Amino acid sequence: MEYRSLGRSGLKISALSFGAWVTFSDQVGEDIASACMKAAYDAGVNFFDNAEAYARGRAEIMMGDILKKSGWRRSDLIISTKIFWGGRGVNDRGLSRKHISEGTDAALSRLQMDYVDLIYCHRPDVETPLEETVWAMNQVIRKGKAFYWGTSEWSARQISEACYFARLEHLIPPTMEQPQYNMFIREQVEKEYAPLYRDFGLGTTIWSPLAGGLLTGKYDAGTPPGTRVSLPGYEWLRERYEGPEAEIRIGKVRRLRAIANELGMTPAQLALAWCLKNPNVSSVITGASRPEQVVENMKALEAVDRLSPEVMERIETILDNKPTPESNLR
């Protein structure tokens, strides 16, 4: 396993990590989830990602039970949660000081932990002043309930404002962002956030590196049964696999499969290795519904060196979506 710094912090995080989104409780039970986490841990993964919204809290309960039975040292692990959607109550959602405080306590209770290592604002909250959210996250850390806080799916402007306000008030700024990033979704990580890496040392823990499974090639011949697209509540994913735009992407996946075969790796390993090539990616969050998938995903680390500049250029030719750099008008 390779361990990278989380942005400009001193924390070392596994380049490949494991998350509970979609699978825990919704797709798999505790036995399979435990086997997947063990396979990841045995491969050197130290970062396990979760959120209060995943399976309406049941994913945190499941992960907490698994970790309690595992016998692993807590200090060897990096555990995260994310706060925004905590329930149906009018104050169970958003990033108010009340919900951040109560949501954090509830998440820790479900995880059976005294603290998480990372805590994220799961989405921006347009109804709560940014100053209130920054102060509340600062308090979470000051009280020892987390070590670092960050954001998920925030714009560069929102993150910058949070960092500048924290500096002005001598508070703890966000350390990391959790954006969606893969071969088909690149603009935010590669272009929009570029000044944040330089100015604030922002780290990224990216999600959906396989584009919801599209980059594995399993949708090349249509949507197979038993996938996440068929799960209640995930109908919004279907647009990725159906329609004219999806056909274009699937055509690209077929061409990428040929490169993967040539290099002796699976399409999934190629897609994960491609994400790992980005030096601004701190950790690539993977998911799996079988421990065998975890083992295969971890082999992406061995594939990174095979992505030579020539291979990367061939991939760029297929993708044809590299963000254009800012124009130099001097």
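For the reader, a short list of remarks on this structure follows.
- Restricting attention to segment 157-183, the residues being in contact (Cβ under 8 Å) with a residue 60 or more places away in the chain and closer than 16 Å to Ala136 by Cα number 1.
- Of all residues assigned to segment 82-98, at least one qualifies as being within 18 Å of Trp207 (Cα to Cα) and crowded, with 23+ Cβ neighbours inside 10 Å.
Rundown of residues vs (1) under 15 Å from the mean Cα position of the chain (by Cα); (2) surrounded by fewer than 20 Cβ atoms within 10 Å (Cβ to Cβ), yes/no style:
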| position | (1), (2) |
| --- | --- |
| Asn278 | yes, yes |
| Thr286 | yes, no |
| Glu292 | no, yes |
| Ser308 | no, yes |
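- Residue that is nearest to Ala136 (Cα to Cα) [pool: residues in segment 84-103 that are polar (S, T, N, Q) and either part of a helix (DSSP H, G or I) or in contact with a His (Cβ under 8 Å, 6 or more places away or on another chain) (or both)]: Ser101
- The single condition from (1) part of a helix (DSSP H, G or I); (2) surrounded by fewer than 19 Cβ atoms within 10 Å (Cβ to Cβ) that Gly57 fails is (2).
- Verdict on Gly44 being over 23 Å from Trp154 (Cβ atoms) and in contact with a Ser or Thr (Cβ under 8 Å, 6 or more places away or on another chain): yes
- Filter result (among the small types (Gly, Ala, Ser) and either touching a Cys at 6+ places or on another chain (Cβ under 7 Å) or farther than 22 Å from Glu190 by Cα (or both)) within segment 244-294: Ala246, Gly251, Ala258, Ala260, Gly264, Gly287, Ala288, Ser289
- Pairs with Cβ under 8 Å, 6+ apart, first in segment 260-274 and at positive phi, second in a helix (DSSP H, G or I) and not small (Gly, Ala, Ser): Gly264/Arg306
- Of the residues making up segment 30-51, none is in a loop (DSSP other than H, G, I, E, B) and farther than 22 Å from Leu272 by Cβ.
- Any chance Asp125 is under 22 Å from the mean Cα position of the chain (by Cα) and in a strand (DSSP E or B): no
- Among the residues of this structure, Leu77 counts as one that is surrounded by fewer than 24 Cβ atoms within 10 Å (Cβ to Cβ) and of a type outside the set (Val, Ile, Thr).
- Within segment 65-79, being free of Cβ contacts under 8 Å to residues at least 60 places away in the same chain and closer than 22 Å to Gly150 by Cβ holds for Leu67, Arg74, Ser75, Asp76, Leu77, Ile79.
- Of the residues screened, Ile259 is not one that is touching a Phe, Trp or Tyr at 6+ places or on another chain (Cβ under 7 Å), closer than 15 Å to Met183 by Cβ and either part of a loop (DSSP other than H, G, I, E, B) or not small (Gly, Ala, Ser) (or both).
- Verdict on Ala40 being in contact (Cβ under 8 Å) with a residue 24 or more places away in the chain, over 25 Å from Gly103 (Cα atoms) and either surrounded by 16 or more Cβ atoms within 10 Å (Cβ to Cβ) or touching a strand residue (DSSP E or B) at 6+ places or on another chain (Cβ under 6 Å) (or both): yes
- Looking only at residues of segment 118-169 that are out of contact with any Phe, Trp or Tyr (no Cβ under 8 Å at 6 or more places or on another chain) and of a type in the set (Phe, Trp, Tyr), we find that the one that is surrounded by the fewest Cβ atoms within 10 Å (Cβ to Cβ) is Tyr164.
- Among the residues of segment 173-210, the one identified as crowded, with 21+ Cβ neighbours inside 10 Å, small (Gly, Ala, Ser) and not in a loop (DSSP other than H, G, I, E, B) is Gly203.
- Ile248, sole failed condition from (1) among the hydrophobic types (A, V, I, L, M, F, W, C); (2) touching a residue at least 40 places away in the same chain (Cβ under 8 Å); (3) closer than 17 Å to Lys322 by Cα: (2)
- The lone criterion from (1) over 26 Å from Thr128 (Cβ atoms); (2) more than 12 Å from the chain's Cα centre (by Cα); (3) at pLDDT 95 or above left unmet by Gly217 is number (3).
The values are calculated or read from the model by the stated rules, or taken from the named source; none is laboratory data. Keep in mind it's a predicted model, so treat the numbers as computed, not measured. Here the Cβ is made from the backbone with ideal geometry for all residues, glycine too, and neighbour counts use every protein chain on show.
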